[in-house]
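See structure below.
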Amino acid sequence: MTAFHPDLPTAFAGSACLGAWAHDPRTDRLALSPVLARLLVVAPEAAVGAPLAVALAGIEPEDALRLESMLRSAGEDGCPFEAEVRTRAGPEGPRWLRLMGRSGRDPATGALATQGLAFDLTEGRSLGGSAAWQAQRKANRLADHAAAMKDLVAGLRNPPLARLVDEVAVEVGHEIARHLRGTGRSMH
């Protein structure tokens, strides 16, 4: 792979991609990549059509409820989505996963399905690195989430909520500035 000729398998491996998954809302079953099935403690033979409840049992309960809600919503609106979830302690210990996907209809059959990719975020969430590095990383993630909240709240027509999100964004900006001051880097 070079900068001008990317190699998809290498890119997937470097991005901690665990493989693809699919949800059939009609049967409420999931198809999982072998790695994702292992992390969710789903038997290999069930990975091609596990009941949603079986896969969700491998996820922390509050995250499982949120993921189930997102899958159901995705089937209704067809919008892309992503969700971060924590697995329960499986064969490799608890993991942080990001599932990204979108619903669509099969052009041939008209059947609705939600499909996507799963990524392992555990390494980036580990406690490696200095305290200052970890704090900067958290501040950067906060900034990403604040920007996402600003985009999401814009269409809600809820001025009090928009003001609160603006206040959060300003505080996140102050937090990032504090970290940049500590590194001696210039701030803009």
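The values are calculated or read from the model by the stated rules, or taken from the named source; none is laboratory data. Just so it is clear, the model here is predicted, and its values are computed rather than measured. Neighbour counts are summed over all protein chains in view; Cβ atoms, including those assigned to glycine, are modelled from backbone coordinates with ideal geometry.
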Single match in Arg163, Arg141, Arg185 (criterion: exposed (fewer than 15 other Cβ atoms within 10 Å of the Cβ), out of contact with any helix residue (DSSP H, G or I) (no Cβ under 7 Å at 6 or more places or on another chain), in a helix (DSSP H, G or I) and at pLDDT below 80)
Arg141
Check on Leu97, closer than 29 Å to Met149 by Cβ and either in a strand (DSSP E or B) or touching a helix residue (DSSP H, G or I) at 6+ places or on another chain (Cβ under 8 Å) (or both):
yes
Asp24 vs (1) in contact (Cβ under 8 Å) with a residue 40 or more places away in the chain; (2) more than 15 Å from Gly101 (Cβ to Cβ); (3) among the acidic types (Asp, Glu): all pass except (2)
Hey, any hits in the range 15-35 for a residue that's exposed (fewer than 15 other Cβ atoms within 10 Å of the Cβ), assigned by TED's automatic domain parsing to the domain that holds Leu112, modelled with pLDDT of 85 or more and polar (S, T, N, Q)?
yes
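Would the range 39-54 turn up any residue that is among the acidic types (Asp, Glu), modelled with pLDDT of 90 or more and surrounded by 13 or more Cβ atoms within 10 Å (Cβ to Cβ)?
At the first step, the residues of the range 39-54 found to be among the acidic types (Asp, Glu) are 45.
Then keep just the ones that are modelled with pLDDT of 90 or more; that gives 45.
Right, trim to surrounded by 13 or more Cβ atoms within 10 Å (Cβ to Cβ) and you get none.
No, there is no match, as no residue in the range 39-54 is among the acidic types (Asp, Glu), modelled with pLDDT of 90 or more and surrounded by 13 or more Cβ atoms within 10 Å (Cβ to Cβ).
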Could you tell me how many of the residues in the range 30-51 are without any contact (Cβ under 8 Å) to a residue 40 or more places away in the chain and either of a type outside the set (A, V, I, L, M, F, W, C) or over 16 Å from Leu117 (Cα atoms) (or both)?
9
Could you check how many residues of the range 76-85 are surrounded by fewer than 17 Cβ atoms within 10 Å (Cβ to Cβ) and under 19 Å from the mean Cα position of the chain (by Cα)?
6
Answer yes or no: is there a residue in the range 65-75 that is closer than 15 Å to Leu121 by Cα, assigned by TED's automatic domain parsing to the domain that holds Leu121 and aliphatic (A, V, I, L, M).
no
Criterion: at pLDDT 90 or above and not aliphatic (A, V, I, L, M) - qualifying residue of Gly78, Gly110, Gly101, Gly90:
Gly101
